[in-house]
Amino acid sequence: MAGRLGGRDFDVMIGDIMVHVESMSATIDDGKSVSKTKGAPNGKVRGEVGCSGEFELDTQNFNLLNEAAKKSGSYEEMDDFDIIVHGELDDESLKVEMFGCSLRISDLINLDSKGGEKKKHKIAFDVTSPDFVRINGVPYLSRKSTEHLR
């Protein structure tokens with residue numbers, strides 16, 4: 001029986017740091033909308049596009065990110081970085097590349113005095129590069145969308 005990709009099958013590279021995420025999400029906001037004439041659908045129009053997400057790290061992996069911030073001088077001085085998420089199992093694979101990601105800590109401390117689970121830190125990110133996102137090597141944006149943005 002062939003296996004299916006699950007969350008445990010993915011490696012995550014944040015810049016040049018391999019981290020183990022507790023959870024991760026990324027969402028593309030594609031501003032396409034339906035064009036209407038006299039209230040009836042009549043094609044579509046393109047709009048603004050963006051990608052943002054969040055990952056959750058345990059303290060051990062958060063400290064890897066903290067070391068990168070320390071080398072930069074501060075979190076604020078960190079260069080934007082690429083995030084690569086890659087999973088492979090049997091005949092299934094998925095590689096998502098997000099370029100020029102800018103991060104912010106969204107949940108630095110959230111303690112529960114009952115304990116029972118390891119401490120987690122949430123990091124939010126926004127994709128800022130015109131290279132945007134590639135899924136299994138296929139760019140999300142058309143070449144025309146980004147041709148004059150370098």
Return the pairs, sorted by first residue and then second, in which the second residue is modelled with pLDDT of 90 or more and of a type outside the set (A, V, I, L, M), the first residue lies in region 1-16 and is closer than 17 Å to PHE62 by Cβ and surrounded by fewer than 10 Cβ atoms within 10 Å (Cβ to Cβ), the beta carbons are less than 9 Å apart, and the residues are 6+ apart or on different chains.
-> ASP16/PHE81
Which condition breaks for GLY53 when tested against (1) modelled with pLDDT under 95; (2) surrounded by 14 or more Cβ atoms within 10 Å (Cβ to Cβ); (3) within 30 Å of GLY116 (Cα to Cα); (4) of a type in the set (Gly, Ala, Ser)?
-> (1)
Say whether the condition of being on the phi > 0 side of the Ramachandran plot and among the hydrophobic types (A, V, I, L, M, F, W, C) is met by at least one residue in region 131-149.
-> yes
Output the number of residues of region 91-140 satisfying the condition of being under 18 Å from MET78 (Cβ atoms) and among the β-branched types (Val, Ile, Thr).
-> 4
Which pairs have Cβ atoms under 7 Å, sit 6 or more apart or on different chains, and link a residue in region 42-56 that is farther than 15 Å from SER142 by Cα to one that is at pLDDT below 95 and not in a strand (DSSP E or B)?
-> LYS44/LYS32
For region 22-76, which fully contained strands (runs of 3 or more DSSP E) count at least 3 residues that are polar (S, T, N, Q)?
-> 33-37
Provide a single number: the residues in region 77-120 that are of a type in the set (D, E, K, R) and part of a loop (DSSP other than H, G, I, E, B).
-> 10
Quick check: is even one residue across region 88-100 surrounded by 12 or more Cβ atoms within 10 Å (Cβ to Cβ), of a type in the set (Ser, Thr, Tyr), over 15 Å from ALA26 (Cβ atoms) and free of Cβ contacts under 8 Å to residues at least 40 places away in the same chain?
-> no
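The values are calculated or read from the model by the stated rules, or taken from the named source; none is laboratory data. A quick note: this is a predicted structure, and the numbers were derived from the prediction, not measured. As a convention, Cβ positions derive from the backbone with ideal geometry for all residues, glycine included, and neighbour counts pool all protein chains shown.
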